[in-house]
1. For the range 84-238, what percent of Cα pairs sit more than 26 Å apart?
2. How far, in nm, would the chain grow between Asn178 and Ser250 when pulled straight, counting 0.36 nm per residue and subtracting the alpha carbon separation?
3. Going by accessible area, probe 1.4 Å, with all protein chains left in place, what is the ranking of Thr188, Thr241, largest first?
4. Roughly speaking, to the nearest percent, how much of the range 220-272's 1.4 Å accessible area is carbon and sulfur?
5. Per residue, how much accessible surface does the range 109-213 expose to a 1.4 Å probe? Answer in Å², no decimals.
6. Take the alpha carbon gyration tensor of the range 171-213, find the square roots of its eigenvalues, order them as a ≥ b ≥ c, and report rounded if a/c is under 1.5; if not, report prolate when a/b exceeds b/c, else oblate.
7. Leaving ligands and nucleic acids out of the surface, order Ser148, Ser247 by accessible area at 1.4 Å, largest first.
8. Calculate, axis by axis, the spread of Cα positions in the range 161-310 along the three principal axes, and write the results as whole Å, longest axis first.
Amino acid sequence: MAWGQGARRPILGLLSRAQRQAARGYTSATFETHLSSNHFAQNGMIRRRFSSEVPASEQMNLIKQLRERTCAPIKDVKASLVSCNWDIEDAQKDLRKRGVISAAKKSSRTAAEGLLAIAQDEKRAVVVELNCETDFVARNDVFQYLASSLAKMALSAQDPGKLVFPFAPAYLENMSINLDHPKLSGETTVQNAVTEVAAMVGENVKLRRGFMLSTTGHGVVSSYLHTCPQPGLGRIAGLITLEAEDSSASLDALKRVGSSIAMHIVAAKPLFLSKELVSAAALENERDVLRTQAESSGKPQMAIEKMVEGRLRKYFEDVVLLEQKYVVNDSTNIKTLLNDLSKEVGSKVTIGNFIRMEVGEGIESRPEETAKKEAMACAA
């Protein structure tokens, strides 16, 4: 049989490749081992090792699957799949590794958005603040699930034995938390869970603070959340404890009024419970401001003092809970509301403590971050 020059080239190519493999020390057995270890999974399924072997339609399907599993940005999902030769299991592990590094890089960015989560039982209520960078992430179901889980875990932790217990992130970070969400499951520490969610959403995510409010007497803990995406979550929270002197008094009325006063706290922003509890520094500062304003009127000193005292009463109505006009019925104030409740249950009812929290209060964005957010809003 005659062989043409063109027909001999493939054979020469094969011989040349075999010679190169032999030069590198390959034998038939080692080549088969290499092929097996690189191209076959343990379950016998062929692994994809080169993007050219994966059709475009299958690439899109893998990207979609990995996005659903991890919530990671499409850019990161595709990068991990490409670097792992379109093996979805390896890509998922790679994403988690990338996420930890990425979360660490983002940790210096301002996170002033987020959610408050409340969990409570008959005697205690806990509110925690979980922050992120944008309200878009605050609407993410994984972020919301983590916030709710943190509040429930804090409530189930050992009772600190204090009626008002503010706590920093360090109180929870090393505690173990068991998560059960399609995209976030298993047992881990709180700190690791926060880091993993930060990796998923591509933003700085931080557990900022928390408060626990308790009642030891015959009373109730009531709460209210404003701007709720779902029960137990919101942007502004009001918590209050009401206590009755008589242990036989019905608590149903206390729960009803307590919820209403918690809503009032969110709306009216009280700073102090009673006039007696207004700090000396706050009172003196307000007197100085009011005196300066009154002196500008040019009136005599006696008239100025009367003006200051009159305006000071208005200040108490603005910042003292018991003196504030009730937002549901401004013809009465909170003190009168409690007196009416005491008559209803046949026992004196008092406010133990209250808390008002708002997402991001006290956090200031850096100028460059504010400009970036405004630019993004304009582009949208």
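The values are calculated or read from the model by the stated rules, or taken from the named source; none is laboratory data. Here the structure is a predicted model, which is why all the values come from computation and not from measurement. Because the Cβ atoms are built from the backbone with ideal geometry, glycine has one as well, and the counts that use them run over all protein chains shown. Please note that ligands, DNA and RNA were not included when accessible areas were found on the heavy atoms of the full protein model with its side chains. Shrake-Rupley method; radii C 1.70, N 1.55, O 1.52, S 1.80 Å.
1. Numbers: 3272 of 11935 pairs.
Pairs farther apart than 26 Å: 27 percent.
2. Details: separation 72, 0.36 × 72 = 25.92 nm, distance 3.72 nm.
Stretched out fully, the Asn178 to Ser250 stretch lengthens by 22.2 nm.
3. Numbers: Thr188 35, Thr241 0 Å².
Per-residue accessible area, sorted high to low, gives Thr188, Thr241.
4. Working: 1160 of 2210 Å².
Here it works out to 52 percent.
5. Details: 4340 Å² over 105 residues.
In whole numbers, the range 109-213 has 41 Å² accessible per residue.
6. Numbers: a/c = 2.01, a/b = 1.25, b/c = 1.60.
Verdict is oblate for the range 171-213.
7. Working: Ser148 25, Ser247 90 Å².
Ranking Ser148, Ser247 by accessible area, largest first, yields Ser247, Ser148.
8. 73, 49, 29
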